[in-house]
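Participant: First the structure, then my questions, so here it is.
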Amino acid sequence: MLTILEPTPESLRKAAEALRAGELVGMPTETVYGLAGNAFDPAVLARIFEIKKRPFFDPLIVHVAEFTEVEALVRDVPADARLLMERFWPGPITLVLPKTDRVPDLATAGLDTVAVRMPAHPVARALLRATGLPLAAPSANPFGCLSPTTALHVAEAFSEGIALVLDGGPCRIGVESTVVGWENGEPVMLRPGGISLELLEETLGKNVAVAANGGEASEGKATASPGNLPWHYAPRTPLRLLTSVANDIPSPGKPGGGSSGLIWFGAEPAPEGFVLVENLSATADLAEAAEKLFAALHRLDAAGLDALVAVMVPEQGLGRAINERLRKAAAAPVDHRDQRNRLK
Ligand code: AMP
Ligand code: MG
């Protein structure tokens, strides 16, 4: 079992020392827990990919605590990006900008852009400051699996290779950051996340394109971001989506149907017959649903059920990020289920 430490001046010092010595640390952020390492050290970056079994074509997000640190990473900050930084940093938005030579190719999958974010979680900020380095930190889970929103999720996913995990409590946002890049000078939302498309458009005063695969997949949209794959965020238990409760009421009790768990949303009573029901928000609050999403999926996945069913939430605000996670989770291939033991 990995060491989980409460954040204290001493544990922060210990974590910062480990990071400066080239080790990896489980870092709480407001979105999900990150697997953090020195972003300037290619050997450290290689270890992040290795322990996550993450493909090298999937670039990492580099985290900073101070605006001044961005200069070492990014060559040019367009006016739109500056507006987003000023309004949302520290917070759940990642900006993809032209990189400097100091950023190793491994961090960017060889692209000439780097993804940068300033997280808001006080423990992430304290750790970044204590370390004095930008930290590359993808989610602290094996590639393709459910994202970790508690320190225990991290410890359950990895048994070695991480110096320690700082326990910053359950993640407040609960879904990954929104990723924004620029194509021909125009902003593109590459991944829906903790800042809604509506807020992006309001802040920039213009339409923001949505990358294919970055939300409801549709043709003719901007190109997808590398690493933005058709399936992701997947529990081991097969997951089926309900687009509309009215015309697609699940019937788990049917002969041969096996035991099922349900992800539900809103004040309507959940359909009967499910062994376990997780209501993401009884008041239909999308922020609450995002916060609870991964922990609910972790609990259902640990229950040894035959199948999971999830109702989709309204496709607006944080609902876009939630539905994108659910769609990708439901698209996982059958053999994803068999990987549990292999990854341990
Ligand atoms: P994760 O670390 O899994 O939260 O996600 C990082 C994601 O950000 C990647 O999977 C990409 O989709 C996106 N990303 C990171 N760097 C870049 C980049 N240079 N260009 C485009 N997308 C990027
Ligand atoms: Mg991830």
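Participant: Determine which member of the set G205, G161, G181 is at negative phi and modelled with pLDDT of 95 or more. Talk me through it step by step, then tell me what you get.
Facilitator: On the way: G205 fails: at negative phi; G161 fails: at negative phi.
Going through G205, G161, G181 in turn, just one is at negative phi and modelled with pLDDT of 95 or more: G181.
Participant: Only residues that are within 12 Å of ligand 1 (Cβ to nearest atom), in contact with a helix residue (DSSP H, G or I) (Cβ under 7 Å, 6 or more places away or on another chain) and not aliphatic (A, V, I, L, M): list them for region 120-141, please.
Facilitator: If the condition is that a residue be within 12 Å of ligand 1 (Cβ to nearest atom), in contact with a helix residue (DSSP H, G or I) (Cβ under 7 Å, 6 or more places away or on another chain) and not aliphatic (A, V, I, L, M), then P138, N141 are the ones that fit.
Participant: Given (1) surrounded by fewer than 16 Cβ atoms within 10 Å (Cβ to Cβ); (2) in a loop (DSSP other than H, G, I, E, B); (3) within 21 Å of the chain's Cα centre (by Cα), identify the lone condition not met by R299.
Facilitator: (2) is the only condition that R299 fails.
Participant: In this structure, is V179 of a type in the set (V, I, T) and either within 13 Å of ligand 2 (Cβ to nearest atom) or in a helix (DSSP H, G or I) (or both)?
Facilitator: Numbers: of a type in the set (V, I, T): yes; either within 13 Å of ligand 2 (Cβ to nearest atom) or in a helix (DSSP H, G or I) (or both): yes.
Judged against the criteria, V179 is a match.
Participant: Could we say that F67 is aromatic (F, W, Y) and within 10 Å of ligand 1 (Cβ to nearest atom) here?
Facilitator: Working: aromatic (F, W, Y): yes; within 10 Å of ligand 1 (Cβ to nearest atom): no.
Spelling it out, it is not the case that F67 is aromatic (F, W, Y) and within 10 Å of ligand 1 (Cβ to nearest atom).
Participant: Continuing with the same structure: How about region 255-275: which of its residues are open to solvent by 50 Å² or more (accessible area, probe 1.4 Å) and either at positive phi or touching a helix residue (DSSP H, G or I) at 6+ places or on another chain (Cβ under 6 Å) (or both)?
Facilitator: Our first condition is that a residue be open to solvent by 50 Å² or more (accessible area, probe 1.4 Å); within region 255-275, this holds for 255-256, 267-269, 272-273, 275.
Hits for region 255-275 are G256, G273.
Participant: Let me ask another. Going residue by residue through region 122-145, is there one that turns out to be open to solvent by 40 Å² or more (accessible area, probe 1.4 Å) and within 16 Å of ligand 2 (Cβ to nearest atom)?
Facilitator: Residues of region 122-145 that are open to solvent by 40 Å² or more (accessible area, probe 1.4 Å), as a first pass: 122, 125, 129-130, 132, 143.
Subsequent filtering for residues that are within 16 Å of ligand 2 (Cβ to nearest atom) retains 143.
Within region 122-145, one or more residues are open to solvent by 40 Å² or more (accessible area, probe 1.4 Å) and within 16 Å of ligand 2 (Cβ to nearest atom).
Participant: Now a separate question. Could you grab me the full set of residues in region 151-173 that are closer than 15 Å to A124 by Cβ, more than 13 Å from ligand 2 (Cβ to nearest atom) and part of a loop (DSSP other than H, G, I, E, B)? Explain how you work it out, then say what you get.
Facilitator: Of region 151-173, the ones closer than 15 Å to A124 by Cβ are 151, 154, 164-173.
Keeping just the survivors that are more than 13 Å from ligand 2 (Cβ to nearest atom) gives 151, 164-170, 172-173.
Result: D167, G168, G169, P170, R172, I173.
Participant: Which residue, of A307, A282, A287, is under 17 Å from V32 (Cα atoms) and surrounded by fewer than 20 Cβ atoms within 10 Å (Cβ to Cβ)?
Facilitator: Working: A307 fails: under 17 Å from V32 (Cα atoms); A282 fails: under 17 Å from V32 (Cα atoms).
On inspection, the qualifying residue turns out to be A287.
Participant: Just name the residue that is modelled with the highest pLDDT out of those in region 223-240 that are buried (at least 18 other Cβ atoms within 10 Å of the Cβ) and under 24 Å from E186 (Cβ atoms).
Facilitator: N228
Participant: How many residues does region 266-291 contain that are of a type in the set (A, V, I, L, M) and touching a Phe, Trp or Tyr at 6+ places or on another chain (Cβ under 8 Å)? Show your work before the answer.
Facilitator: Step one: of region 266-291, the residues of a type in the set (A, V, I, L, M) are 267, 270, 275-277, 280, 282, 284, 286-287, 289-290.
So of that shortlist, the ones also touching a Phe, Trp or Tyr at 6+ places or on another chain (Cβ under 8 Å) come out as 270, 277, 280, 284, 289.
Of the residues in that region, 5 qualify.
Participant: Which condition number does K99 fail, the rest of (1) within 17 Å of the chain's Cα centre (by Cα); (2) within 15 Å of ligand 1 (Cβ to nearest atom) being met?
Facilitator: All conditions pass for K99, except number (1).
The values are calculated or read from the model by the stated rules, or taken from the named source; none is laboratory data. Only a predicted model underlies this, so the values are computations on that prediction, with no experimental measurement involved. Note that each Cβ is placed from the backbone with ideal geometry, even for glycine, and that neighbours are counted across all protein chains shown. With ligands, DNA and RNA removed, areas are computed over all heavy atoms of the protein, side chains included. Shrake-Rupley method; radii C 1.70, N 1.55, O 1.52, S 1.80 Å.
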